[in-house]
Amino acid sequence: MNATRFGELEVLCHAPERATHEHPLLFIHGAYVSAWCWDEHFLPWFARRGWQAYAVSLSGHGRSRQREHLDSYSIDDYVRDVAEVAARLPAPPVLVGHSMGGMVVQKYLEQHDAPAAVLMSAVPPQGLMGSAFGLIFKRPHLLSDLNRIMSGNDVDIDSLREALFHQPVAADDLQRYYRLSQPESHRAIWDMSLFNLPQPARMHRVPMQILGAEHDALIPPDQVHMTAMTYGRQAEILPGMGHGMMLEHDWEIAAMRIADWLAERAL
């Protein structure tokens, strides 16, 4: 793994021994985390299969610029981060966005083209309100703890388990993920709730894979199907998995599904 900087942005990269795919993959993380979530499994796995695999920490996240100004960052700022990294890669990247990162990918496509896009448990184009109402009625304690994390307050580590995982996760790994988690921009959350939702009519129409998880507590399958319906696609819901598909015990199922989909399109 090579950790580098594109300007003031942290970018993790795994290079294959021999690149067999023209387009690199650029992974965009969700809220409360940074590029590390892709480095656990996905980046080395895709590199071993011939892709140049990159993951960016968005502004205010990880070791990227100005964490002290996190709350000033908008979804549009995150889109500019992705554009800044994409412009410096050896070829236009396939974009893979998880949760908030999936919303960033949708907004990116309003202004930029891409070879393809993968949305993993992405915030739907209708925004976060449907998901928030679902949590209010089904898991109000989890919504409260997410708000506490967003403000930088400590929470019960079991809330992280409930938010990300359906499958068993080792206690040491859960503690490590908890230490790596961080607050999220209030401005970005409001953008995803109401103020800066995607405009599908303005988006470049690119090949798009839409994945969800059967036991996702944050972006449940009905929200994933709503995204797919908006873009005229079919969603695939991966059984037995929770929101953090790239960190779940069966993460390789999700990775393989993406790799197969890319191969079917010669990407």
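Anything in the stretch 232-252 that is open to solvent by 10 Å² or more (accessible area, probe 1.4 Å) and either farther than 20 Å from residue 35 by Cα or in contact with a His (Cβ under 7 Å, 6 or more places away or on another chain) (or both)? List them, or say none. It would help to see each step written out before you state the result.
Pass one, the stretch 232-252, residues open to solvent by 10 Å² or more (accessible area, probe 1.4 Å): 232-237, 239-240, 247, 249-252.
Hits for the stretch 232-252 are 232, 233, 234, 235, 236, 237, 239, 240, 251.
Can you run down the residue pairs with Cβ atoms below 9 Å, 6 or more apart or on separate chains, where the first is in the stretch 218-247 and among the β-branched types (Val, Ile, Thr) and the partner is part of a loop (DSSP other than H, G, I, E, B) and open to solvent by 60 Å² or more (accessible area, probe 1.4 Å)?
227/126; 227/233; 230/126; 237/214
Condition check ((1) aromatic (Phe, Trp, Tyr); (2) open to solvent by 20 Å² or more (accessible area, probe 1.4 Å); (3) modelled with pLDDT of 95 or more) across all residues:
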{"site": "138", "(1), (2), (3)": "no, yes, no"}
{"site": "156", "(1), (2), (3)": "no, yes, no"}
{"site": "171", "(1), (2), (3)": "no, yes, no"}
{"site": "174", "(1), (2), (3)": "no, no, no"}
{"site": "200", "(1), (2), (3)": "no, yes, yes"}
{"site": "213", "(1), (2), (3)": "no, no, yes"}
{"site": "217", "(1), (2), (3)": "no, no, no"}
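Checking residue 166 against (1) more than 24 Å from residue 11 (Cα to Cα); (2) modelled with pLDDT of 90 or more; (3) open to solvent by less than 20 Å² (accessible area, probe 1.4 Å), which single condition isn't satisfied?
Against the list (1) more than 24 Å from residue 11 (Cα to Cα); (2) modelled with pLDDT of 90 or more; (3) open to solvent by less than 20 Å² (accessible area, probe 1.4 Å), residue 166 comes up short only on (3).
Go through 55, 83 for me and flag whichever is part of a helix (DSSP H, G or I) and either among the aromatic types (Phe, Trp, Tyr) or on the phi < 0 side of the Ramachandran plot (or both).
Only one candidate passes the filter, namely 83.
Among the residues of the stretch 64-80, write down those that are in a loop (DSSP other than H, G, I, E, B) and either among the hydroxyl-bearing types (Ser, Thr, Tyr) or modelled with pLDDT of 95 or more (or both).
Here is the first cut: in the stretch 64-80, the residues in a loop (DSSP other than H, G, I, E, B) are 64-66, 73-74.
If the condition is that a residue be in a loop (DSSP other than H, G, I, E, B) and either among the hydroxyl-bearing types (Ser, Thr, Tyr) or modelled with pLDDT of 95 or more (or both), then 64, 73, 74 are the ones that fit.
Out of (1) in contact with a strand residue (DSSP E or B) (Cβ under 9 Å, 6 or more places away or on another chain); (2) closer than 23 Å to residue 160 by Cβ; (3) open to solvent by 20 Å² or more (accessible area, probe 1.4 Å), the odd one out for residue 229 is which?
Status for residue 229: all satisfied but (2).
Only one residue in 59, 34 is touching an Asp or Glu at 6+ places or on another chain (Cβ under 6 Å) and either modelled with pLDDT under 95 or farther than 25 Å from residue 233 by Cβ (or both). Which one? Spell out how you get there, then give the answer.
Values: 34 fails: touching an Asp or Glu at 6+ places or on another chain (Cβ under 6 Å).
Of the residues listed, the single one that is touching an Asp or Glu at 6+ places or on another chain (Cβ under 6 Å) and either modelled with pLDDT under 95 or farther than 25 Å from residue 233 by Cβ (or both) is 59.
Consider only pairs whose beta carbons are under 8 Å apart and that are at least six residues apart or on different chains; among these, list those whose first residue lies in the stretch 15-40 and is open to solvent by 30 Å² or more (accessible area, probe 1.4 Å) and whose second residue is at pLDDT 95 or above and among the basic types (Lys, Arg).
20/49
The values are calculated or read from the model by the stated rules, or taken from the named source; none is laboratory data. Keep in mind it's a predicted model, so treat the numbers as computed, not measured. Quick reminder, even Gly has a Cβ in these numbers, built from the backbone with ideal geometry, and neighbours come from all protein chains shown. Only protein heavy atoms, including side chains, enter the accessible area calculation; ligands, DNA and RNA are left aside. Shrake-Rupley method; radii C 1.70, N 1.55, O 1.52, S 1.80 Å.
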